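The values are calculated or read from the model by the stated rules, or taken from the named source; none is laboratory data. None of the values given here were measured: they were computed from a predicted structure. Note: ideal-geometry Cβ built from the backbone for every residue, glycine included; neighbour counts use all protein chains shown.
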Amino acid sequence: MSKETMPAAEAQSYELAFHVLPTVAEGEVAEVFQTLKDLITKAGGELGVEEAPARFELAYEIVKHLEGRNRKFSSAYFGWVRFTVDPAKVEHLDEEIGGNKSILRHLIIKLTKVEEENPYFFHQAMAEQGKSETIDLDEEEAEATTATDEDASESETDSEVTEDKE
Amino acid sequence: MEKQTTTNMPANHIDFKDVMRLKSNVNPHARMLNRRRTGMTAKAQRNFAKATKRARFMALLPYIQH
């Protein structure tokens, strides 16, 4: 979904979004980030805007096969970095990043003009939003019976009784 | 496309990291709403779909919510 097909040698801009394993110690996360950036520059890329990895709760548990066992992770350090590189090198870069043992999941996106001009700073926005959050999003999709998603997801709903009561 | 300031994407484009905007166009079960409900243009809806799918892959949004 992110691989280009054009054979031209012009630099194309990409964004790499990644999750660092939560088992990595806080101090080492910056090192992992630096390793990724080095991989990019080694492939001849130029770095652009970025956001350093910060702890973040995932929307669902990601399963990863590590050290012979399947392990589940529900939080990770999410970061992203933009860069421009020759399109021919991206596939190889993608594999290298996937091979890195500290990365839980990653995604390389080809940027369109609009996206290039408007980087969205995720952690910054989350911080700002955390300060001023008064409205719950449930108001937007106000379907009367299921007004409380959070309660439903937090408690084990083997019986649907709790939802009906609300 | 007009140039926008850093925090305001043009109306027809949602970044996949923009979880707040994505969530507002998704039903309580985390399914994408159709164009009649979101009121977006066809182009914007396609962008939104792509962004939601990317966000789901990166666990910023759930695939399904009970």
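Conditions tested, residue by residue: (1) at pLDDT below 90; (2) surrounded by fewer than 20 Cβ atoms within 10 Å (Cβ to Cβ); (3) touching a strand residue (DSSP E or B) at 6+ places or on another chain (Cβ under 9 Å); (4) within 7 Å of chain A (Cβ to nearest Cβ).
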{"position": "B:M1", "(1), (2), (3), (4)": "yes, yes, no, yes"}
{"position": "B:T5", "(1), (2), (3), (4)": "yes, yes, no, no"}
{"position": "B:P10", "(1), (2), (3), (4)": "yes, yes, no, yes"}
{"position": "B:S24", "(1), (2), (3), (4)": "no, yes, no, yes"}
{"position": "B:N34", "(1), (2), (3), (4)": "no, yes, no, no"}
{"position": "B:R37", "(1), (2), (3), (4)": "no, yes, no, no"}
{"position": "B:T41", "(1), (2), (3), (4)": "no, yes, no, no"}
{"position": "B:A59", "(1), (2), (3), (4)": "no, no, yes, yes"}
For A:I109, work out the one condition from (1) touching a residue at least 12 places away in the same chain (Cβ under 8 Å); (2) part of a helix (DSSP H, G or I) it doesn't fulfil. (2)
Test A:H65 against the criterion of being within 12 Å of chain B (Cβ to nearest Cβ) and under 20 Å from B:F57 (Cβ atoms), and give yes or no. no
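Per-residue answers, yes or no, for (1) exposed (fewer than 15 other Cβ atoms within 10 Å of the Cβ); (2) assigned to a strand (DSSP E or B); (3) without any contact (Cβ under 8 Å) to a residue 60 or more places away in the chain:
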residue	(1), (2), (3)
A:S13	no, yes, no
A:V29	no, no, yes
A:E50	no, yes, yes
A:A59	no, yes, yes
A:N70	yes, yes, yes
A:S74	yes, yes, yes
A:W80	no, yes, no
A:F83	no, yes, no
A:E91	yes, no, no
Test for A:T41: is it without any contact (Cβ under 8 Å) to a residue 40 or more places away in the chain and of a type in the set (S, T, N, Q): yes
